[in-house]
Amino acid sequence: MPRFHFHLIDGERMLDSVGRQLPSQDEARKEAKRMAKCHAALRERWHYVEVTDEAGERVLRVPLKDETSQG
């Protein structure tokens, strides 16, 4: 199962060195969106959740602030 890392970005980076094993990139996208909706403290400080694969390649980027306005 692939491992995805969920980094927090705001001009600076808080790197996720551990990551999570998830079955697919689609599941990683769902997890990043869940983070954006559920964690108010993240939205106050960070602009994006950037998801990378095991090789460190970016697979997606989810805006934290924009997610708060979606239903």
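For the stretch 1-28, which residues satisfy the criterion of being at pLDDT below 95 and among the charged types (D, E, K, R)?
Hits for the stretch 1-28 are Asp10, Glu12, Arg13.
What are the residue pairs meeting all of these: first residue in the stretch 23-43, first residue without any contact (Cβ under 8 Å) to a residue 40 or more places away in the chain, second residue loosely packed, with under 11 Cβ neighbours inside 10 Å, Cβ atoms under 7 Å, and 6 or more apart or on different chains?
Hits for this filter: Pro23/Met1.
Could you look through the stretch 14-67, keep only residues that are acidic (Asp, Glu) and farther than 12 Å from Phe4 by Cα, and pick out the one that is farthest from the chain's Cα centre (by Cα)?
So, considering only residues that are acidic (Asp, Glu) and farther than 12 Å from Phe4 by Cα, the one farthest from the chain's Cα centre (by Cα) is Glu44.
Among strands (runs of 3 or more DSSP E) lying entirely in the chain, which contain 3 or more residues that are surrounded by fewer than 17 Cβ atoms within 10 Å (Cβ to Cβ)?
Qualifying strands (runs of 3 or more DSSP E): 58-63.
The values are calculated or read from the model by the stated rules, or taken from the named source; none is laboratory data. This is a predicted model, so every value here is computed, not measured. So basically every Cβ, Gly included, is an ideal-geometry build from the backbone, and we count neighbours across all protein chains shown.
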